[in-house]
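Input: a single structure, listed below in structure tokens.
The values are calculated or read from the model by the stated rules, or taken from the named source; none is laboratory data. None of the values given here were measured: they were computed from a predicted structure. Quick reminder, even Gly has a Cβ in these numbers, built from the backbone with ideal geometry, and neighbours come from all protein chains shown.
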Amino acid sequence: MKYILGIDIGTTAIKAAVIGEDGKVYGEETSEYALTTLSSGEVEADLQLYKDAFAEAIKGAVRKSKADKKEIKCVGFSSTAETCVFLDGDYQPLCKVIAWMDTRGTEEAEYLSEHFSKEDIISKVGFDNIYAIHPVSKILAVKNKSPEVFSDTRMFLQIKDYFVYVLSGKFITEHSVASDHGFFDITNRCYWQEMLDFVGIKKEYLPEIVEPGKEIGKITKEAAEEYGLDRDTMINVGAFDQGCGAIGAGNIRPGIASESTGSALVTVATIDELSADSKGDVPTLCSGIPGKYMYQPYCTGAMITKWFRDAFCETEKKIEKETGLNAYTQMDALVKATPPGAEGLIMLPYFQGSGIPELNEKASGVYYGINAGHTRGHFIRAIMEGLAIALKRMLECEKALGATMDEIRSLGGGSKSEAWCQIKADILGIPVKVIKNSASTPCMGCAILAGVANGIWPSIESAVEQFVEIEKIYVPNLENAEIYEETYRKYVEITQALNPTFC
């Protein structure tokens, strides 16, 4: 048996999975870390927290798999695309890791958007503007607010790039992660020199760029010893987590979309080429599949249900502690007992700005239509319905650019909720298919990329056909169509009325 180690570096945890050449997960481990969020919009963490989690996840997954380390032939990576690391000349961190949702660069994003033409931004970046999420905005913010960090930086990396370096000793990134930087040209698949010059980033302080899924060499002797891997293990640069998740969900061609409801709600539609009609309002990135692209709109996701659980579900948390019955399972039961439409209660899930079509970073969350008859079940259901409507709006924007979708593949933590999956199917009006081992799809996606590059499988397509399994299908309930049409109409009307007031 040959094995692949897939590593997914997420927002608040690193997950590793040992996957066999038969497509089965033999061992997996998740190690969490805490981010520090400041009222100023800064979200960060010590690099050491990531390093500790990285080691714990790898060692735990390998130990649980019981695989001989000599049979782990390659390592693949998946990660967020906008989490910044600044290294000095000795390749040590100069400051804390800046997380993807950090908004310290909001003013810098506006400044960059004003300087460059919209046409250039759309063709180079794939967005209609530069946003705070883009690493270029974060880097410029560091230059303005902590100039000594910027001037001492000798390597600007994203979090996956850093751990690729840890295992391989090489500074290498790839198209899919780079395409969300704000200084990468997605049309020509190279660094955008004009943007680099304007911000003052030297190209020699950036990693080499290769195609997603490229095998870049053997693990270093030091890393092999530290992480308990074989010296002949090959390192694969992998891809962006949403691109890997799409591959792991079987979303590798037009007609299938995927959605991941984790901390963020993200939808991905795979496309073969850039649309000439794009106005940049639908974020477009390089796919995890070499040569392809993907639409990838996003907004705040399941962190809202976590917020509600932590703030208002003390009873459920107490029951979980005493009996082991998960608080989210109990919340699901409350939702199932609440009528569709939440009896007029509507939530705008804009905890960190709104997604498309508004893309308003200043938008905030709203409950609308509260009355004395509403219970916690109504409030939780309104969250799920609000996020499902946000998903529907994102998919509609993708369809307007020619994307096709007859079904949607669901992955991430939100796919575990039966109530939520049914709500999504009812609001979208198309089947929602939950992927088996949906929490491991990014690991599976990067493992497929690594396994194909290593010769374990002949192609991405054949691996997907063999190993991607549907666990459950949720079919739209037509009896709820009229209710949700009215809820959708009201949601859009409220958003349009309130959007000018967000500041």
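Quick notes on this structure:
- Scanning segment 366-386 for residues that are in contact with a strand residue (DSSP E or B) (Cβ under 6 Å, 6 or more places away or on another chain) and outside any helix (DSSP H, G or I) yields a count of 4.
- Considering residues of segment 397-421 that are under 29 Å from residue 12 (Cα atoms) and hydroxyl-bearing (Ser, Thr, Tyr) only, the residue surrounded by the fewest Cβ atoms within 10 Å (Cβ to Cβ): 417
- Contact map, segment 224-235: first residue free of Cβ contacts under 8 Å to residues at least 60 places away in the same chain, second residue part of a helix (DSSP H, G or I), Cβ cut-off under 8 Å, separation 6 or more or different chains; pairs are 231/221; 231/224.
- Residue within segment 270-277 that is under 13 Å from the mean Cα position of the chain (by Cα) and either in the same structural domain as residue 82 (by TED's automatic domain parsing) or over 24 Å from residue 430 (Cβ atoms) (or both) present: no
- Filtered residues of segment 387-396 (kept if crowded, with 24+ Cβ neighbours inside 10 Å and over 13 Å from residue 340 (Cβ atoms)): 387, 390, 391, 394
- Taken together, 34, 16 contain a single residue that is of a type outside the set (Asp, Glu), under 22 Å from residue 241 (Cβ atoms) and without any contact (Cβ under 8 Å) to a residue 24 or more places away in the chain, which is 34.
- When segment 72-92 is limited to residues that are closer than 14 Å to residue 18 by Cβ and out of contact with any Gly (no Cβ under 6 Å at 6 or more places or on another chain), the one that is surrounded by the most Cβ atoms within 10 Å (Cβ to Cβ) turns out to be 75.
- Sole residue being buried (at least 24 other Cβ atoms within 10 Å of the Cβ), under 22 Å from the mean Cα position of the chain (by Cα), among the hydrophobic types (A, V, I, L, M, F, W, C) and at pLDDT below 95, chosen from 435, 448, 470: 435
- Qualifying residue in segment 133-152 (condition: crowded, with 22+ Cβ neighbours inside 10 Å, in contact (Cβ under 8 Å) with a residue 60 or more places away in the chain and within 26 Å of residue 442 (Cβ to Cβ)): yes
- Within the set 280, 200, the sole residue that is under 22 Å from residue 156 (Cβ atoms) and small (Gly, Ala, Ser) turns out to be 200.
- Residue, surrounded by the fewest Cβ atoms within 10 Å (Cβ to Cβ), within segment 303-321, restricted to residues that are of a type in the set (A, V, I, L, M) and under 22 Å from residue 35 (Cα atoms): 311
- Lone qualifier among 382, 372 - being more than 18 Å from residue 258 (Cα to Cα), without any contact (Cβ under 8 Å) to a residue 60 or more places away in the chain and out of contact with any helix residue (DSSP H, G or I) (no Cβ under 8 Å at 6 or more places or on another chain): 372
- The residue of segment 106-128 that is surrounded by the fewest Cβ atoms within 10 Å (Cβ to Cβ), among those that are small (Gly, Ala, Ser) and either touching a residue at least 24 places away in the same chain (Cβ under 8 Å) or not assigned by TED's automatic domain parsing to the domain that holds residue 145 (or both), is 123.
- Some residue of segment 293-309 being at positive phi, of a type outside the set (Val, Ile, Thr) and in contact (Cβ under 8 Å) with a residue 60 or more places away in the chain: no
- Pick from segment 322-342, criterion closer than 20 Å to residue 487 by Cβ and surrounded by fewer than 16 Cβ atoms within 10 Å (Cβ to Cβ), ranking: nearest to the chain's Cα centre (by Cα): 336
- Restricting the search to strands (runs of 3 or more DSSP E) fully inside segment 403-489 and requiring at least 1 residues that are touching a helix residue (DSSP H, G or I) at 6+ places or on another chain (Cβ under 9 Å) and among the hydroxyl-bearing types (Ser, Thr, Tyr) gives 405-411, 470-474.
- Taken over segment 176-197, the criterion of being under 19 Å from the mean Cα position of the chain (by Cα) and of a type in the set (A, V, I, L, M, F, W, C) is satisfied by 177, 178, 184, 186.
- Listed by position, the strands (runs of 3 or more DSSP E) inside segment 276-332 whose residues that are modelled with pLDDT of 95 or more and in contact with a Phe, Trp or Tyr (Cβ under 9 Å, 6 or more places away or on another chain) number at least 2 are 284-286.
- Residue check, residue 258 of a type in the set (Ser, Thr, Tyr), within 24 Å of residue 358 (Cα to Cα) and not assigned by TED's automatic domain parsing to the domain that holds residue 396: yes
- Screening 221, 170, 214, 160 for residues that are touching a Phe, Trp or Tyr at 6+ places or on another chain (Cβ under 9 Å) and basic (Lys, Arg) leaves exactly one candidate, 160.
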